[in-house]
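Working notes, structure below.
The values are calculated or read from the model by the stated rules, or taken from the named source; none is laboratory data. Since the structure is predicted, the reported quantities are computational estimates derived from the model, not experimental observations. Neighbour counts are summed over all protein chains in view; Cβ atoms, including those assigned to glycine, are modelled from backbone coordinates with ideal geometry.
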Amino acid sequence: MAIITKKKILEYIKKGEIVFKPDLDSFQIQAHTVDLRLGYTFLIPKIWKHTERGREALHIDHFDKDKSQYLDALELEKGQFFDLLPGEHVLVSTLESIKVPDDLMAILYPRSSTNRKGLSVDLTGIIDSGYEGQLAVPIKNNTHSQTVRLYPGERFCQIVFEKLDEKVEIVKSRYHKKDIIEGFIRRKETQSEEEEEEIELIQKGNIEELKEKYKLQ
């Protein structure tokens, strides 16, 4: 694989194969990366819930299909900001939705200016070929005493596009063409029968059975 540079990125955009909505501006395109801007949606982890027993701490279960009990969604209005408290971790949306063609993949990285504020934008991994939609990015205030003010529209992360050796079959993720509220909170997560069985075997601790039944062919 090879990282594509500004000239090639612009060619893909001109042909409509890489798409950003809203369109990129001149600040965003770099020599071999594209800066993304902070969106208006913030997902804030809840730490407790009120039950018949009283105030109970939340214990997050990754396999729970109902994520609404774990996250509060905050949508900012034009001109508003978000104060990220010391040690606080949230999910934020990118302003842009993105479309990646089937002969490229992308990787998301923090901008160095974001790190210098005391923030960490976790390396969120691969943006798959064929993906369309907003990106949800984990961001944390690593300082012990300083609140960091975030403004929708500021550049806070960047993506690198890599050329694949060959085109791949597109497998649409459950976040495909969804905003992050729909993708993380409002959706009722659906899995194939095989995925449901994988989850059941993991929850029961039957890892050897899982490995045996689903050997790589």
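Within region 46-72, no residue satisfies the criterion of being surrounded by 10 or more Cβ atoms within 10 Å (Cβ to Cβ) and at pLDDT 90 or above. Inside region 115-137, can you point out the residues that are surrounded by 18 or more Cβ atoms within 10 Å (Cβ to Cβ) and on the phi > 0 side of the Ramachandran plot? Within region 115-137, Gly130, Gly133 qualify.
What residue, of Glu88, Glu96, is outside the structural domain of Glu195 (by TED's automatic domain parsing), surrounded by fewer than 19 Cβ atoms within 10 Å (Cβ to Cβ) and either under 27 Å from Gly153 (Cβ atoms) or β-branched (Val, Ile, Thr) (or both)?
So the residue among Glu88, Glu96 that is outside the structural domain of Glu195 (by TED's automatic domain parsing), surrounded by fewer than 19 Cβ atoms within 10 Å (Cβ to Cβ) and either under 27 Å from Gly153 (Cβ atoms) or β-branched (Val, Ile, Thr) (or both) is Glu88.
Is it fair to say Lys140 is surrounded by fewer than 19 Cβ atoms within 10 Å (Cβ to Cβ), more than 14 Å from the chain's Cα centre (by Cα) and not β-branched (Val, Ile, Thr)? Judged against the criteria, Lys140 is not a match.
Could you list, in sequence order, the residues of region 29-83 that are among the aliphatic types (A, V, I, L, M), assigned to a loop (DSSP other than H, G, I, E, B) and within 28 Å of Gln158 (Cβ to Cβ)? Listed by number, the residues that qualify are Ala31, Leu76.
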